[in-house]
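Undergrad: Mind looking over this structure? Questions follow.
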Amino acid sequence: MPPSVAPPVSSPSPSTSRRRTSASVVLRSVLEHGPVARSTIARLTGLSPASVTDYCSRFTELGLIRESELPRRSQGVGRPHVPVDLDATRFVVGGVHVAVPYTTVALLDLRGRVVAVRELRHGRDGRGDRDGRNERADGADAHAVLARAADALAALLARAPRLRCLGVGFAAGGWVDRDSGTVVEHPLLGWHEVPVRDVLGARTGLPVHVDGHARALVNAERLFGRARGSRSVLQLFVGNVVDAAFATNDEVHHGPRSQAGAIAHLPVPGGTEPCACGRTGCLQAELSERTLCRRARRAGIVEGVNPMHVVAAAAAGDPVAARLLVERAGAVGRAVRLLLDVLNPETVVVTEVGVLHREDCLAALREGVGDDRAASVLPSSFPDSVLAVAGGSVALDVLYRDPLAASPEAI
């Protein structure tokens with residue numbers, strides 16, 4: 001079966017589900033605690049030592065883990081405990097994240113670390129506008145964007161011939177249906193019913209997994225970030241697109257056809273920005289990076305639509321730029337407070353440009369949330385690589401949920 005074609009949907013048997021769950025728990029334990037002895041994994045997971053040894057042997061055969069070079073001595077007599085750890089030297093996953101101004105293509109190792117990355121600006125000439133002066137997503141033709149992403153991914157892999165790619169993760173804002181591998185609707189890009197999994201699969205010859213970027217970042221946080229171990233996590237992504245994702249007990253809520261997390265048109269009390277839906281004060285219209293940059297242009301701070309120029313102006317001492325960023329962070333905090341009242345998560349992770357780069361913005365965010373819940377609100381764990389991590393984590397989530405299906409021979 002070609003990798004771009006989804007396998008028939010069928011419910012796994014209870015025994016198969018248990019094996020997948022047990023394998024996932026073992027590999028996650030190696031990720032979180034490695035180098036770690038097999039006996040420690042058994043104690044942490046509650047699985048029998050024999051089962052842990054069996055899973056570790058399979059993972060070693062697949063090349064996902066390896067024995068540590070320095071064995072740990074057991075207490076008393078007997079053989080030393082030889083710990084196992086992830087083998088991050090053999091395999092990578094590809095990550096593709098499509099934003100409004102550019103596409104990020106990356107390779108990530110099994111620990112979610114970015115090995116290589118490239119940005120592809122959208123534009124009619126294929127180069128795009130590096131200053132971001134054009135607010136429209138010109139040149140963001142879906143098939144052309146995906147073709148360029150596949151070519152860039154192939155180029156990154158060609159520069160690392162010793163690494164094998166286990167699959168490709170794709171993330172984007174808007175309405176993204178994980179099950180069909182489709183971007184159903186992305187108004188800012190003008191994409192409608194784009195079969196991403198089929199297109200990228202055909203271009204790369206690799207398994208392709210697709211999801212929305214807020215859900216992808218929840219997976220990244222629970223696997224590799226500060227939210228690891230939290231029983232419930234809310235991820236709020238505030239960029240050109242504003243959306244959210246919610247996970248409980250390691251399960252991200254998708255809803256029918258993956259429509260969960262669409263918060264763009266939640267009303268903001270006192271909002272003044274007109275929205276494309278015809279109303280005023282919708283969450284995305286008020287908080288998007290386009291709105292931030294429009295306000296900065298009106299104030300004469302920057303040109304174009306690159307929010308990092310506003311951050312740079314604030315860092316250079318521009319008080320108006322700093323005020324715009326702090327006000328926006330405070331408004332994000334008030335939006336978080338509304339979501340906290342509805343969902344009551346243990347941890348909230350916010351991805352927003354000011355919060356990622358300025359302590360005063362983080363303080364304003366937490367003030368907007370309120371003192372009683374401020375400590376539960378964290379900035380993204382990946383401030384310098386958030387889009388690359390979002391794309392790659394879609395594939396890494398699949399790996400850690402069913403690691404025994406990651407046989408390189410199947411690729």
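The values are calculated or read from the model by the stated rules, or taken from the named source; none is laboratory data. Source: prediction; values computed, not measured. Cβ: placed from backbone, ideal geometry, glycine included. Neighbour counts: every protein chain shown.
Undergrad: Tell me which of these VAL342 doesn't satisfy, since it passes every other one: (1) of a type in the set (Val, Ile, Thr); (2) without any contact (Cβ under 8 Å) to a residue 12 or more places away in the chain; (3) closer than 30 Å to VAL114 by Cα.
TA: (3)
Undergrad: Hey, can you tell me all the residues within region 336-368 that are assigned to a helix (DSSP H, G or I) and buried (at least 24 other Cβ atoms within 10 Å of the Cβ)?
TA: Result: VAL336, GLY354, VAL355, CYS361, LEU365.
Undergrad: Of all residues being in a helix (DSSP H, G or I) and charged (D, E, K, R) in region 292-331, which is surrounded by the most Cβ atoms within 10 Å (Cβ to Cβ)? Just the residue, please.
TA: Across region 292-331, the extreme among qualifying residues is ARG328.
Undergrad: For region 36-65, what are the residues that are touching an Asp or Glu at 6+ places or on another chain (Cβ under 8 Å) and either within 18 Å of ASP397 (Cα to Cα) or surrounded by fewer than 19 Cβ atoms within 10 Å (Cβ to Cβ) (or both)?
TA: Once the filter is applied, which keeps residues that are touching an Asp or Glu at 6+ places or on another chain (Cβ under 8 Å) and either within 18 Å of ASP397 (Cα to Cα) or surrounded by fewer than 19 Cβ atoms within 10 Å (Cβ to Cβ) (or both), region 36-65 yields THR60, GLY63, LEU64, ILE65.
Undergrad: In region 277-304, what residues are of a type outside the set (Gly, Ala, Ser) and under 15 Å from VAL100 (Cβ atoms)?
TA: Once the filter is applied, which keeps residues that are of a type outside the set (Gly, Ala, Ser) and under 15 Å from VAL100 (Cβ atoms), region 277-304 yields GLN284, LEU287, GLU289, ARG290, THR291, LEU292, CYS293, ARG294.
Undergrad: Just to be sure I understand, how many residues within region 321-333 are more than 23 Å from PRO101 (Cα to Cα) and in contact with a helix residue (DSSP H, G or I) (Cβ under 8 Å, 6 or more places away or on another chain)?
TA: 6
Undergrad: Right, next: Sort through ARG178, ARG226, ARG222, ARG231 and tell me the only one that's of a type in the set (Lys, Arg) and within 23 Å of ALA140 (Cα to Cα).
TA: The unique qualifying residue is ARG178.
Undergrad: Among the residues of region 15-24, which ones are of a type outside the set (D, E, K, R) and surrounded by fewer than 20 Cβ atoms within 10 Å (Cβ to Cβ)?
TA: SER15, THR16, SER17, THR21, SER22, SER24
Undergrad: Hey, among the residues in region 109-130 that are more than 27 Å from LEU86 (Cβ to Cβ) and in contact with a helix residue (DSSP H, G or I) (Cβ under 8 Å, 6 or more places away or on another chain), which one's modelled with the lowest pLDDT?
TA: Result: GLY126.
Undergrad: Looking only at strands (runs of 3 or more DSSP E) that fall completely inside region 156-274, which ones have 1 or more residues that are assigned by TED's automatic domain parsing to the domain that holds ALA331 and touching a residue at least 12 places away in the same chain (Cβ under 8 Å)?
TA: Those strands (runs of 3 or more DSSP E) span 232-238, 242-248.
Undergrad: In region 275-291, which residues are buried (at least 22 other Cβ atoms within 10 Å of the Cβ) and part of a loop (DSSP other than H, G, I, E, B)?
TA: Within region 275-291, SER288 is the sole residue that qualifies.
Undergrad: Same structure, new question: Which of the residues spanning region 360-373 are more than 23 Å from the chain's Cα centre (by Cα) and not basic (Lys, Arg)?
TA: Answer for region 360-373, where residues must be more than 23 Å from the chain's Cα centre (by Cα) and not basic (Lys, Arg): ASP360, ALA363, ALA364, GLU367, GLY368, VAL369, GLY370, ASP371, ASP372.
Undergrad: Going by the conditions given, is LEU324 touching a Phe, Trp or Tyr at 6+ places or on another chain (Cβ under 9 Å) and at pLDDT 95 or above?
TA: no
Undergrad: Just checking, does region 372-379 include any residue being assigned by TED's automatic domain parsing to the domain that holds VAL117, assigned to a helix (DSSP H, G or I) and among the hydroxyl-bearing types (Ser, Thr, Tyr)?
TA: Taking every residue of region 372-379 in turn, none turns out to be assigned by TED's automatic domain parsing to the domain that holds VAL117, assigned to a helix (DSSP H, G or I) and among the hydroxyl-bearing types (Ser, Thr, Tyr).
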